[in-house]
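One structure is given below, represented as structure tokens, and several questions about it will come after.
Just so it is clear, none of the values below were taken in a lab; they were calculated from the coordinates. These numbers were taken from a predicted model, which means no experiment stands behind them. Heads up, the Cβs are rebuilt from the backbone with ideal geometry, glycines too, and the neighbour counts pull from every protein chain shown.
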Ligand code: PRX
């Protein structure tokens, strides 16, 4: 089947920062001479003390280590704020759009943001927060969330943002894991007109976190929330009492910047740790080149700051580059399915970066919601978080972008800090569904299951052959787990966990996770996490969770549940378990299907054969493979006969 190819539009080829020839030349240099390449790119940052060493990295067990720009010092908040004050102090840094369009937007200049960050940084210091200490942020999409991040960076504290849709249990686990004694939150969040009880969630979580002695509470909706004497403080009044100047701390390049928890194939979520210098260079460089960004352009990344995309492409990347970054509190379909495009018109957004799951949901609502808006300001579109199916790509391109905006489909991960495989709008002809070509300094390779290197057009396991500056440096508190998770499957390579195809033009096509991680609406989840939530319920003896194809979410959650002997499973229990998982993890983990199973397909040694469960989840019974090694092959027939149809 011939694939559609969209050549680079002529005006992009002429005017973009990077055209095809330049991409080739820069890419080849970045691989052949990483030291020289990054020594130059490193100059995009204001260093306090310039670095002399560029790259000290090895993925091999004997001398394993990742360190970039090691002897340089810098402050990332100064790179996002102070450096812009002289020239663009009165330019808008953050354009904030509230959940409810009837409420006013906020326009915050670089100068105002600088002052807010300084005051908040002083407040953190006044609460005793020291360099290297962890600050947990559990806030909705409000400018104060960016203020809090930058204030941590200013004083050298490590922020750990927990997505405001996570449950009290999930929040507690993350607070405990990084030993945080301070939590930043708001009275409530607002999403799609619905209130989210953030402060109440914190209160609940803190029952299990005796180490927390400070909670700074932003009044956002104005709901009266109980305040614990001595522990809870009101954000606005505490900040007002602080001086408006706070000198930035001089941080070493490898000092930690943030922790962000993400799901893996085993056990509890791991704290991905990013450090300062390399991340700064990477986030700034990728933001500039991928979006062909020039100061003054209005740029909107619709991700939540609870995910890495919000870190790198709502806050750090754009602000380092002096951008006007749009921050949106709401959801794509509230008050109706025009909302994204109304905000585009309102702020005259030129660059829009969103997730396929939202596009698929909007596509289903029909073209009228799009067509009744202008969108003339748009010149570039982006996609992130999951594979974008060609239908959604075409709709995005034809209907949203009216055929004139290139789409940058950016493949990357929490671990990679920024875009790794992506088109550049002035350099790369587009193939719908392909993340296309590697970013500078990224050497993707495809391996077979035994670690053999595959050449040419082929399918394989996606690994990266060498380090790049934005790479995570460790799993918080568990360096051994870092090595084991990413560098032990294929010795000497960073293993992404993704499967991938490379075509005859050298384009990469991500085919999805090949480990026990699923991607639900672009949210990454470990099947093991959902299983342990299920088995924590008194009625459940055993659970196995797999992904299933889902039209809007990309993947849905399919749970096989075996109940304890005395339990008679029924519809009421099914509903209860759905609520239970929402309560244990959060609404993003809501199971789409729960199938009660008297038994799960296991080998004689007791290992669950997930391959078979995945097939049943996919409603594809044609190719179950060899079931003869099962202890009891009849359980498979039972599962097939009783497969419920998703609602
Ligand atoms: O499977 C890939 C998928 O999302 C995973 C990373 O998830 P997370 O760490 O939450 O980061 C998401 C935002 C960067 C990857 O292993 N993924 C991400 N972007 C794409 C993608 N799959 C296909 N195409 C993409 N553009």
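Full-extension gain between residue 71 and residue 536, please, as 0.36 nm times their residue separation minus the C-alpha to C-alpha distance.
162.6 nm
Please report the spacing between the Cα centers of segment 110-143 and segment 270-340 in Å, no decimals.
19
Between residue 126 and residue 40, what FRET efficiency comes out of the Förster formula 1/(1 + (r/R0)^6) with R0 = 35 Å and r the beta carbon distance, rounded to 0.05? Display every interim value, and only then the final one.
Values: r = 41 Å, r/R0 = 1.16.
Calculated value: 0.30.
So, by mean Cβ neighbours within 10 angstrom, what's the order for 179-190, 575-586 with the highest one leading?
Numbers: 179-190: 22.8, 575-586: 17.9.
Per-residue mean Cβ counts within 10 Å order the peptides as 179-190, 575-586.
Something else now. Across all directions of projection, what mean area in square nanometres is found for the Cα convex hull of the chain?
28.8
Against the 2.2 N^0.38 Å scaling, with N counting residues, where does segment 1-81 land? I'd like the Cα-based Rg ratio to two decimal places. Kindly include the intermediate steps, with their values, before the conclusion.
Working: Rg = 18.0 Å, N = 81, 2.2 N^0.38 = 11.7 Å.
Taking the Cα Rg and dividing by 2.2 N^0.38 Å, one obtains 1.54.
Another question, then. What FRET efficiency would be calculated for the residue pair residue 107, residue 479, taking the C-beta separation as r and a Förster radius of 51 Å, to the nearest 0.05? It would help to have the intermediate numbers written out before the result.
Working: r = 43 Å, r/R0 = 0.85.
Efficiency at R0 = 51 Å is approximately 0.75.
If each residue of separation counts as 0.36 nm, what is the full-extension length gain between residue 33 and residue 371 once their alpha-carbon separation is subtracted?
116.9 nm is the gain from fully extending residue 33 to residue 371.
Shape of segment 350-457 from its Cα gyration tensor (a ≥ b ≥ c, root eigenvalues): rounded if a/c is under 1.5, otherwise prolate when a/b > b/c, or oblate?
Values: a/c = 2.42, a/b = 2.00, b/c = 1.21.
Because a/c hits 1.5 or more and a/b exceeds b/c, segment 350-457 counts as prolate.
Restricting things to alpha carbons, find the Rg to Rh ratio for segment 374-426 using the Kirkwood radius for Rh.
Rounded to two decimals, Rg over Rh is 1.01.
Under the 0.36 nm per residue contour assumption, what length would be gained going from the current alpha-carbon distance of residue 620 and residue 60 to full extension?
So the extension gain works out to 197.5 nm.
State log₁₀ I(q)/I(0) for segment 234-376 at q = 0.15, 0.16 Å⁻¹ as given by the Debye formula over alpha-carbon point scatterers of equal weight, solvent excluded.
The Cα Debye sum returns log10 ratios of -0.96, -1.04.
So, one more: Apply 1/(1 + (r/R0)^6) to the Cβ-Cβ distance of residue 627 and residue 449, taking R0 = 30 Å, and write down the FRET efficiency to the nearest 0.05.
Computed FRET efficiency for residue 627 and residue 449 comes out at 0.90.
For the ranges 353-360, 307-314, what's the packing order if you count other beta-carbon atoms within 10 Å of each residue, average per peptide, and put the highest first?
Top of the packing list down: 307-314, 353-360.
Over all distinct Cα pairs, what is the inverse of the mean 1/r for segment 430-491, reported as the Kirkwood hydrodynamic radius in Å? Please report the intermediate quantities before stating the final value.
Numbers: mean 1/r = 0.0734 Å⁻¹.
Value: 13.6 Å, from the Cα pair sum.
Still on this structure: How large are Rg and Dmax for segment 135-259 when calculated on the C-alpha trace, in angstrom?
When restricted to Cα atoms, segment 135-259 yields Rg and Dmax of 14.3, 43 Å.
Another question, if that's okay. Rounded to the nearest 500, what is the chain's calculated 222 nm mean residue ellipticity when only DSSP H runs of at least 4 contribute -39500 (n - 2.57) each, over all residues?
Value at 222 nm, helices only: -8000 deg cm²/dmol.
Once you place label points 7 Å from the Cα toward the Cβ at residue 389 and residue 86, how far apart are they in nm?
The answer from the label model is 5.3 nm.
In whole Å, what is the distance between the alpha-carbon centres of segment 195-220 and segment 414-436?
Between the Cα centres of segment 195-220 and segment 414-436 lies a distance of 39 Å.
Also, quick follow-up: On the first, second and third principal axes, largest extent first, how far apart are the outermost C-alpha atoms of segment 500-647 in Å?
Projected onto the principal axes, the Cα atoms of segment 500-647 cover 59, 38, 27 Å.
Return a whole-number percent for the relative contact order of the chain, with Cα pairs under 8 Å and 6 or more residues apart as the contact set.
Normalised by residue count, the contact order of the chain is 13 percent.
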